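Structure first, commentary second.
The values are calculated or read from the model by the stated rules, or taken from the named source; none is laboratory data. Keep in mind it's a predicted model, so treat the numbers as computed, not measured. Positions of Cβ are backbone-derived with ideal geometry, glycine not excepted, and every protein chain shown enters the neighbour counts. These accessible areas exclude ligands, DNA and RNA; they are computed on the full protein's heavy atoms, side chains included. Shrake-Rupley method; radii C 1.70, N 1.55, O 1.52, S 1.80 Å.
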Amino acid sequence: HPLCPNTATRAEWEALGLLSSRQIECLMSYRMEFGPFIAAEELQAAGCLPLSALRILSPLVTAQTAGQSRADLFRMLRDSRQSLLIRWSRSMMPDWRYDVDSLSGYSWFEGGPDRLFLRFRRALGTQFSMGFTAEKDPGETLLTGSNAHGFDFLSAHLFIRDISPALRTLALGDFTVNLGQGLIMHSGFGGSKSAMAMQIARTGEPLQRYTSVDENRHFRGVGAKLQLGKKTDLVVFASSNRIDASQFAKDSVSSFLTSGLHRDYSERSFENSLRQQVAGGRIELETVHFRVRANGVWFGYDKTIAPTIQPYNRWYFRGRSLLNTSIDYTVRHRG
């Protein structure tokens, strides 16, 4: 499922991780000035890609027309590939926390030491994806006790791109969000400092499907990317999800818990103890030489966030709602 240079957005080029921002802007400027690429080999005519980069890109791009890339649900279901991954593991080292006490008849951990992972996915490149993920950590139960419904963690998603000229992306179920060059929100891989001084911004598509097993760092709801005009697009999303939090009073929590482990009574008492509601979006105006975005995200909780006051967390958020807004821009002049 190669990338079409005639319809590829800046974010799609950036997601390849092979081109610099200058090279991407050069390709987009060439397309705007001379029209669609007739063949993938025409990329060399832009004059900004060395031969080594062209050889790497040649199997990853195709000059198909824009009309061929529009989503067709029946075609996607027919041409998509299915995959099923099942993984089981177990530590061979003995652990007293799994031993049943002879007097009480109970063990420290509710479940056994097995780790189970199940993932089903049906996908067609980056255009269509649907599936579910289930996981049981060591010490958690399966189909018994506190997890009588099945796995401790369940996740499902439906993700479609290029549905129509106006609706570019639709995400249902679990998804991730990237906003504000990674400063407001960022999910996925991000490298640390390097010699590439200009590659400090987190780039990529604003909405992505979620297939990880992290139980607390995803959104659950609906998100969409809309094309408002030739140079303007809008991203909106809304989520409502329960996450783990350390609760020390009836209506307040002191910290968020991200381990995803619910093995004993103490850990299970914090499971899904806080409802997190998130809504926000981004509007973007982009031309060949500059791009400006306005971002906004609102967080709401059903309990008060009240971390214990320490020198390191003096400026941490406290309360039940939070609004975060920003403006970011990118400009290239004679690059």
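State, to one decimal in nm², a quarter of the convex hull surface area for the C-alpha atoms of region 13-125, i.e. the direction-averaged projected area. All intermediate terms of the calculation are to be shown ahead of the outcome.
Values: hull surface 53.5 nm².
The Cα convex hull of region 13-125, projected and averaged over all directions, gives 13.4 nm².
Isolated cysteines in the chain, defined as those with no second cysteine Cβ under 4.7 Å, comprise Cys4.
Based on the Cβ-Cβ distance of Ala279 and Ser102, what FRET efficiency does E = 1/(1 + (r/R0)^6) give at R0 = 51 Å, to the nearest 0.05? Between Ala279 and Ser102 the formula returns 0.45. For Ile56 and Thr258, a Förster radius of 56 Å and the Cβ-Cβ distance give a FRET efficiency of 0.95, rounded to the nearest 0.05. Accessible surface calculations at 1.4 Å, restricted to protein heavy atoms, place region 218-260 at 48 Å² per residue.
Rg then Dmax, both in Å and based on the Cα atoms of region 132-189: 16.7, 49.
Estimated from helical segments only, the mean residue ellipticity of the chain at 222 nm is -3000 deg cm²/dmol, where each DSSP H run of four or more residues counts as -39500 (n - 2.57). Backbone phi angles across region 253-262, fed through the Karplus curve with coefficients 6.51, -1.76 and 1.60 (θ = phi - 60°), yield HN-Hα couplings of 10, 9, 6, 8, 10, 10, 5, x, 9, 9 Hz in residue order; Gly and Pro are listed as x.
First compute the accessible area of the chain with a 1.4 Å probe, then give the percent of it belonging to carbon and sulfur atoms. Result for the chain: 58 percent of the exposed heavy-atom area is carbon or sulfur.
Could you grab the relative contact order for the chain? Cα pairs under 8 Å, six or more apart, rounded to a whole percent.
Numbers: 665 pairs, mean separation 38.2, N = 335.
It comes to 11 percent, rounded to a whole number.
Volume of the convex hull of region 86-232 (Cα atoms only), normalised per residue: 177 Å³. The alpha-carbon of Lys250 sits under 21 angstrom from the alpha-carbons of these lysines, leaving out residues fewer than 8 places away in its chain: Lys303.
What FRET efficiency comes out for the pair Trp298/Arg90, r = Cβ-Cβ distance, R0 = 45 Å, nearest 0.05?
Values: r = 43 Å, r/R0 = 0.96.
Efficiency, from the Cβ-Cβ distance: 0.55.
Its residue count N fixes a reference of 2.2 N^0.38 Å for region 271-321, and the Cα radius of gyration divided by that reference is 1.72.
Grouping the Cα pair distances of region 198-335 into 10 Å bins from zero gives a pair-distance distribution of 10, 30, 31, 19, 8, 2, 0 percent in increasing distance order.
If the convex hull of the alpha-carbon atoms of region 76-167 is projected onto planes in all directions, what is the mean projected area in square nanometres? All intermediate terms of the calculation are to be shown ahead of the outcome.
Working: hull surface 33.3 nm².
If you wrap the Cα atoms of region 76-167 in a convex hull and average its projections, you get 8.3 nm².
Equivalent ellipsoid of the chain: semi-axes from √(5λ) of the C-alpha gyration tensor, largest first, are 43, 25, 19 Å.
May I ask for the angle, rounded to the nearest 10°, between helix 21-34 and the longest principal axis of the chain, with both axes built from Cα atoms and the value confined to 0 to 90°? Its long axis makes an angle of about 40 degrees.
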